[in-house]
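Everything below concerns the one structure shown next.
Laboratory data are not the source of any read-out in this text; all were calculated from the coordinates shown. It should be emphasised that the depicted structure is a prediction, and the values quoted were computed from it without experimental measurement. No Cβ is skipped: glycine too gets one built from the backbone with ideal geometry, and neighbour counts run over all protein chains shown.
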Amino acid sequence: MKLIIGCPIYKRDWILPEWIRCIINQSIDMSDVGLIFETSPDDFETTNSLITWKRLDKRFQIFEINERKDIPHFEHENNGRQWTMSKYHNMVSLRNSILQRVREHQPDFYLSLDSDILLQNPNTIELLIAHIKDGADAVSPLMFMTPVDSRFPSVMSWKDKEYNVAYRKEAYPLGEYFQSDIIMAAKMMSKDVYNNVDYQFHKQGEDLGWAKNATEKGFKLYSASYIYAPHLMSKDMYQHYLTNGDNRGNIRTSQVR
């Protein structure tokens, strides 16, 4: 098994067909790919879409749909997201559950990919794997973590040596390949990383807890920000994208403002 893609997913039937299309349009051979999902028993639409995909597309060596009945699942509001400490704890549990399954399969690479991120560049996976082969421990494409503007890219920096607080600098070399303290939302991991780095609660999100653990173990994280992946955070944003696209992928400047 070359690659496993892992994804906690809930109430995302509105974007799932396009998310799937972006994966199967990637330049790599789908027979080298496995898929692992964490779902909820009350999300019939999303689960049924995944079951249909599994039944119709036989190329994937692994296609696991694991229902999590032990924790509450939540759907984001269309006009925003309200994260709470309990939601962060739930996400830690979901992501670590997938990590455990990945460790049992031992692929060459693991891509943690959120269900509202589209790999619109068909070379995304191939390029991320190439960076791992060249020595990166984990690498991420560029996304933005808000519905509009480019002030909040998918990288952050630690403000203190205890990793208690993270912030965004006024400028990152967006459009380039660079080392970053924190990467998030879509992360390609080497075997050493996924075998040794768990997700952990952090008051700013589980991706930061993961980055803290990775850094403490000596792993280097990178942003391949010349690769853009739209982060479509709501149904309205997705509909706007279908009509107008997302020109934030054209950014080639160090300024994040």
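Helical content of the chain, expressed as a calculated mean residue ellipticity at 222 nm, amounts to -9500 deg cm²/dmol (DSSP H runs of 4 or more residues, -39,500 (n - 2.57) each, divided by residue number, nearest 500). Counting beta carbons within 10 Å around each of Phe63, Phe144 and listing the fewest first gives the order Phe63, Phe144. Net charge near Asn90, counting Lys/Arg +1 and Asp/Glu -1 over other residues with Cβ under 11 Å of its Cβ? Neighbour charge sum, excluding Asn90 itself: 0. Spread over its residues, the convex hull of the C-alpha atoms of the chain is 118 Å³ per residue. As a proxy for reagent exposure, ranking Arg21, Arg95 by other Cβ atoms within 10 Å from fewest up yields Arg21, Arg95. Between Ala130, Ala224, Ala186, the residue with the greatest mean-square fluctuation in the GNM of the chain (Cα pairs under 10 Å linked by springs) is Ala130. For the range 154-216, the alpha-carbon radius of gyration amounts to 1.10 times the rule-of-thumb value 2.2 N^0.38 Å expected for a compact globular protein.
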